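Visitor: Have a look at the structure that comes next, please.
The values are calculated or read from the model by the stated rules, or taken from the named source; none is laboratory data. Keep in mind the model is a prediction, meaning the values are calculated, not measured. Positions of Cβ are generated from backbone atoms using ideal geometry, with glycine treated the same way; all protein chains shown enter the neighbour counts. Ligands, DNA and RNA are excluded from the accessible area calculation, which covers all protein heavy atoms including side chains. Shrake-Rupley method; radii C 1.70, N 1.55, O 1.52, S 1.80 Å.
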Amino acid sequence: MKTLQYPVESDFEIKKSRFIGRVETIHSHAEGLARIAALWQQHPEARHVCYVMLVKGQVRQSDDGEPSGTAARPMLNVLQHKGLDNVLASVVRYFGGIKLGAGGLVRAYSQAISDPLNTAELIEVRPQSTVVIHFQYEHESLVRHLADQYGLNLDVQYAERVTAQVSGEIQALEPFLEMANSQLRGELIHDGACLNAP
């Protein structure tokens, strides 16, 4: 599956109706719904804000008052045809007073998503994961340095020892854990179990 390197947009008019399409990367449906709420704030005069979210293969969509099957379904078809995941496709419509009919709506909503995707930079969706590790305070700077090296995010909490939630690409997490355990001479505790030093 693929996702977008950068958001892409389209903006065109059909029979006095303006269609503003956008496709962008998201990591959860909650993130997508927040983006839709933001679009309503940006476009309070719009008649419709239709959308499709694809996150880990799970679909959430809305025709937002357009006739059923004329907005979200054609948008979803475009996303699936391109093999995309972890994306939000949205179309803001300003109604121009002339009805387009079901066929016209399907074509307009498809175009609003397919046009910008023609120039989009696509990247592979890489599996993500999170692990929890525990270590002594004196090792914190070393662990932070290694996390940076492997492009991982670190969320640190302090108690008797340091507890860190490490998240990022699975391909980077595994070598990070091996390297951290090796450099900490087997003192790294990972998800409640000591890792054996290689």
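Visitor: Here's a check for you: in region 69-91, which residue that is under 15 Å from Arg22 (Cα atoms) and β-branched (Val, Ile, Thr) is modelled with the highest pLDDT?
Guide: Val91
Visitor: Mind listing just one residue for me: the one in region 1-22 that is over 15 Å from His48 (Cβ atoms) and among the polar types (S, T, N, Q) and, of those, farthest from the chain's Cα centre (by Cα)?
Guide: Ser10
Visitor: Out of Gly103, Gly96, Gly186, Gly168, I need the residue that is within 30 Å of Pro44 (Cβ to Cβ) and out of contact with any Ser or Thr (no Cβ under 6 Å at 6 or more places or on another chain). Which one?
Guide: Details: Gly96 fails: out of contact with any Ser or Thr (no Cβ under 6 Å at 6 or more places or on another chain); Gly186 fails: within 30 Å of Pro44 (Cβ to Cβ); Gly168 fails: within 30 Å of Pro44 (Cβ to Cβ).
None of the others qualify; the one that does is Gly103.
Results for (1) among the hydroxyl-bearing types (Ser, Thr, Tyr); (2) assigned to a helix (DSSP H, G or I); (3) in contact (Cβ under 8 Å) with a residue 60 or more places away in the chain, shown as yes or no for each residue.
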{"position": "Ile20", "(1), (2), (3)": "no, no, yes"}
{"position": "Leu39", "(1), (2), (3)": "no, yes, no"}
{"position": "Glu45", "(1), (2), (3)": "no, no, no"}
{"position": "Tyr51", "(1), (2), (3)": "yes, no, no"}
{"position": "Ser68", "(1), (2), (3)": "yes, no, no"}
{"position": "Arg93", "(1), (2), (3)": "no, no, yes"}
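Visitor: Can you tell me which residues in region 115-167 are closer than 23 Å to Ser28 by Cα, open to solvent by 80 Å² or more (accessible area, probe 1.4 Å) and assigned to a strand (DSSP E or B)?
Guide: Those that are closer than 23 Å to Ser28 by Cα, open to solvent by 80 Å² or more (accessible area, probe 1.4 Å) and assigned to a strand (DSSP E or B): Glu124, Gln128, Asn153, Asp155, Gln165.
Visitor: Any residue in region 117-130 that is over 15 Å from the mean Cα position of the chain (by Cα), under 20 Å from Gln171 (Cβ atoms) and not small (Gly, Ala, Ser)?
Guide: There is at least one residue in region 117-130 that is over 15 Å from the mean Cα position of the chain (by Cα), under 20 Å from Gln171 (Cβ atoms) and not small (Gly, Ala, Ser).
Visitor: Quickly run through region 1-18 and pick out the residues that are out of contact with any strand residue (DSSP E or B) (no Cβ under 9 Å at 6 or more places or on another chain) and outside any loop (DSSP other than H, G, I, E, B).
Guide: Ile14
Visitor: With respect to Arg126, is the statement that it is among the basic types (Lys, Arg) and modelled with pLDDT under 95 true?
Guide: On the way: among the basic types (Lys, Arg): yes; modelled with pLDDT under 95: yes.
Yes; evaluated as a whole, the condition is true for this residue.
Visitor: Give me the pairs, please: first residue somewhere in region 146-173 and closer than 13 Å to Ile133 by Cα and of a type in the set (A, V, I, L, M), second residue anywhere and in a strand (DSSP E or B) and open to solvent by 50 Å² or more (accessible area, probe 1.4 Å), beta-carbon distance under 7 Å, and either six or more positions apart or on two chains.
Guide: Ala164/Asp155; Val166/Thr130
Visitor: Which one is most open to solvent (accessible area, probe 1.4 Å), of the residues in region 2-25 that are closer than 12 Å to Ala89 by Cα and among the charged types (D, E, K, R)?
Guide: Glu9
Visitor: Could I ask something else about it? I'm trying to understand the selection: among the residues of region 73-82, which are surrounded by 19 or more Cβ atoms within 10 Å (Cβ to Cβ) and over 18 Å from the mean Cα position of the chain (by Cα)?
Guide: Within region 73-82, Pro74 is the sole residue that qualifies.
Visitor: Follow-up question, since we're still on this one. Any idea which residue in region 83-105 is nearest to the chain's Cα centre (by Cα), counting only those that are under 19 Å from Met53 (Cα atoms) and surrounded by fewer than 20 Cβ atoms within 10 Å (Cβ to Cβ)? So that I can check it myself, show each step before the final result.
Guide: Restricting attention to region 83-105, the residues satisfying the condition of being under 19 Å from Met53 (Cα atoms) are 83-93.
Applying the additional criterion that residues be surrounded by fewer than 20 Cβ atoms within 10 Å (Cβ to Cβ) yields 83, 85.
Values: Gly83: 14, Asp85: 8 Å.
Checking each candidate, the answer is Asp85.
Visitor: Any residue that is open to solvent by less than 30 Å² (accessible area, probe 1.4 Å), under 18 Å from the mean Cα position of the chain (by Cα) and on the phi < 0 side of the Ramachandran plot - is there at least one of those in region 26-33? Lay out the reasoning, then the answer.
Guide: Taking region 26-33 first, the residues open to solvent by less than 30 Å² (accessible area, probe 1.4 Å) are 26, 32.
Retained after the next criterion (residues that are under 18 Å from the mean Cα position of the chain (by Cα)): 26, 32.
Those still in the list that are on the phi < 0 side of the Ramachandran plot too: 26, 32.
Yes: one or more hits.
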